[in-house]
Each structure stands twice: as structure tokens, then as C-alpha cells.
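Structure, as C-alpha cells:
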Amino acid sequence: MADEPADEPLLPKAKAKAKAKAKARASASYGSAAVLAPPEQAYMKCLDNLTTMKIAENTSTLEMLTPMEAGNKYHLDGRNKQGEEKIRLFEMVEHTQCCSRMMKASCNDCAPWDVAIYYAEQGSPTKAMTMERPCTCTCCCFNRPTVEITDVSTTTKLGSITDPCNLCDMTFTVYDKTDEPVLYAKGGCCQPGLMCPMPCGPCAKVSFSVDDAKTGQEIATITKEIHCTAMMGGDADNYEVDIEKVSNYEHRALLMALSLFIDFRYFTAKGDNKCSLDSCCCCCSYCSSCCPQDE
């Protein structure tokens with residue numbers, strides 16, 4: 001009986017210690033592939049072996065010489081865990097209809113678009129994923145733009161990405177296949193690359209931090225690089241995505257899709273009607289219909 005009072009205060013300490021260990025294990029194994037079966041698709045195995053993704057938009061001569069808005073095309077290079085540089089691992093092609101592409105210039109928040117992502121490491125490109133952003137009636141914080149990502153081989157949903165209402169910063173929420181938020185991305189509105197985009201110095205990049213939705217820890221970064229083509233009237237954009245800390249291969253696929261979503265949301269509309277933070281007031285970044293348009 002004399003030992004019982006001595007044991008009681010140890011229980012809260014033991015529980016707190018066990019809780020701390022469990023939290024540490026969860027933090028250390030964020031997105032670990034141990035919670036998933038090993039990837040079966042070849043493109044998922046490729047993504048699982050990368051530490052950095054470099055997404056480059058192909059320059060369109062048609063866009064540079066005419067007011068036309070051509071369908072965007074991208075390719076993805078990367079650096080694997082062995083330190084090897086790999087080129088043309090993926091190709092991304094926009095299949096949006098012509099009228100819908102023209103709609104992006106004046107009503108980007110509502111315009112539909114779709115992109116096919118092809119796995120091209122083995123030579124002949126094979127469709128791996130699709131991104132579909134349906135036409136919506138979006139106004140301010142209502143019915144925010146959302147894109148759904150689908151695995152073509154299994155026809156199952158990989159996740160979705162939405163652009164929540166935000167008065168100043170560019171923010172994005174990434175959801176998994178069960179519609180649970182897994183990643184938050186944020187880019188500040190006062191970056192030099194937004195206010196004065198130039199192909200040199202601090203004005204040559206726009207950065208986005210990506211945080212784990214559960215722990216709040218930064219686990220990836222997306223950097224938009226500004227090149228000379230932007231000064232010549234083109235809109236070819238490059239993105240570098242650091243995914244070394246992201247071990248969940250499905251989340252890596254969603255980060256690849258997030259880079260394209262960021263480009264479509266803020267950096268693809270052509271000419272003076274371009275509705276993005278580098279041409280409009282930061283307070284209007286959440287609603288394209290609020291931005292000033294030239295008559």
C-alpha cells in the first residue's frame with residue numbers, strides 16, 4: 001500500500017514521454033512510403049527517386065509574335081538521390097480548347113483548363129496523370145478555383161488543389177485522395193520578383209514555401225525562375241521544386257501538379273490583361289474580376 005502514492009505521479013510522466021516519442025516518430029516519418037505500398041507505376045517510382053524537380057515551360061513563338069494564347073507545354077528534368085541529372089522525365093501538355101484559353105485573359109478565375117502529364121523517361125511518352133479544372137462561377141471568396149489530379153492507369157483520384165481566398169499572399173491548399181488537407185503552400189505578395197520581375201538578382205525569382213498540414217513544418221519549396229524570355233514578351237516560366245524531405249511519392253506527384261497550378265493561376269495570362277500579382281494590386285490577388293483591365 002505504501003508504494004501506491006509513489007506510482008501515481010509517474011503515470012502522467014510516462015504518458016507524456018510516450019506521447020513525445022510518438023510525436024517525434026510521426027514528425028520524422030512525414031509522408032513516409034512505409035505508410036503506403038511501394039509504388040507500382042513506373043512514373044511514381046521515378047518521382048520517388050528524385051530530390052529536385054525542374055519544370056520548364058516551352059517557349060511559344062506564336063505567343064511571342066501574336067496576341068494568340070497557345071496551349072502551354074512543359075517538360076520536367078530532375079536530380080535523383082544518386083546525384084544524377086535526368087532530363088525529359090515528364091512532359092505536360094495543355095489540351096484546353098481555344099475559346100477557353102482566350103477566356104483566361106479576361107476571366108482567369110472562372111476559365112476551365114485541362115493538362116495531361118506524360119511519363120517520358122523510357123522514350124515514348126505515356127499518359128500518367130491528368131489535371132482538370134472545370135469552369136466555375138467564381139467571385140471573391142465564393143467557389144474558389146480547384147483542380148483535380150487523377151492517376152490515368154488506375155482512374156483514381158490522387159488529390160486536389162485549391163486557391164483559397166487571401167487578400168495579400170498567394171496561398172494554396174493541397175488535399176489527398178480522401179480530401180484531407182496534407183500540404184499548405186504560401187508565397188508572399190511583396191517579393192521583388194513579383195513587383196519588378198527581372199532576369200537578374202533578387203528580382204529573378206518568386207518563392208513559395210510548402211508546409212506539412214499536420215505539423216506545420218516546412219518540407220518543400222517551389223521557386224519560380226524568371227528568364228530573359230519574359231523581357232521579350234514571352235511567358236515561358238521555369239520552376240524548381242525541392243522535394244528531398246517529402247518521402248510520400250503521391251505528395252511528390254501533387255507538388256508537381258501544384259507547380260503547374262501556380263503557373264496557371266498567376267503567370268500564364270498573356271499581355272496587358274494578365275491578372276496576377278506582378279501586374280495588379282496585391283489586394284486583388286484573390287479575385288481576377290476585381291483587377292483593373294484596359295479598355
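The values are calculated or read from the model by the stated rules, or taken from the named source; none is laboratory data. Note that the structure is predicted; figures quoted are calculated from it, not measured. Ideal geometry is used to build each Cβ from the backbone, glycine not excepted, and the neighbour counts take in all protein chains shown. These accessible areas exclude ligands, DNA and RNA; they are computed on the full protein's heavy atoms, side chains included. Shrake-Rupley method; radii C 1.70, N 1.55, O 1.52, S 1.80 Å.
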Only one of D263, D235, D272, D278 is modelled with pLDDT under 95, open to solvent by less than 10 Å² (accessible area, probe 1.4 Å) and of a type in the set (D, E). Can you tell me which? D263
Answer yes if at least one residue in the range 106-128 is crowded, with 16+ Cβ neighbours inside 10 Å, among the charged types (D, E, K, R) and more than 18 Å from E57 (Cα to Cα), and no otherwise. yes
Restricting attention to the range 156-188, report how many residues are over 15 Å from T138 (Cβ atoms), open to solvent by less than 20 Å² (accessible area, probe 1.4 Å) and of a type in the set (D, E, K, R). 0
Scanning the range 85-101 residue by residue, the ones that are charged (D, E, K, R) and either closer than 17 Å to S153 by Cβ or in a loop (DSSP other than H, G, I, E, B) (or both) total 1
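Matching residues to (1) in contact with a Phe, Trp or Tyr (Cβ under 6 Å, 6 or more places away or on another chain); (2) closer than 18 Å to L260 by Cα; (3) at pLDDT below 85:
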| position | (1), (2), (3) |
| --- | --- |
| M102 | no, no, yes |
| P112 | no, yes, no |
| E121 | no, no, no |
| C137 | no, no, no |
| S153 | no, no, no |
| G159 | yes, yes, no |
| P164 | no, yes, no |
Scan the range 189-213 residue by residue and report those that are in a loop (DSSP other than H, G, I, E, B) and surrounded by 13 or more Cβ atoms within 10 Å (Cβ to Cβ). C189, Q191, P197, M198, P199, A213
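I'd like the full set of residues that are assigned to a helix (DSSP H, G or I) and at pLDDT 90 or above, limited to the range 28-80. Talk me through it step by step, then tell me what you get.
Initial filter on the range 28-80 (assigned to a helix (DSSP H, G or I)): 28, 33-35, 42-48, 61-65.
Across the range 28-80, the qualifying residues are A42, Y43, M44, K45, C46, L47, D48.
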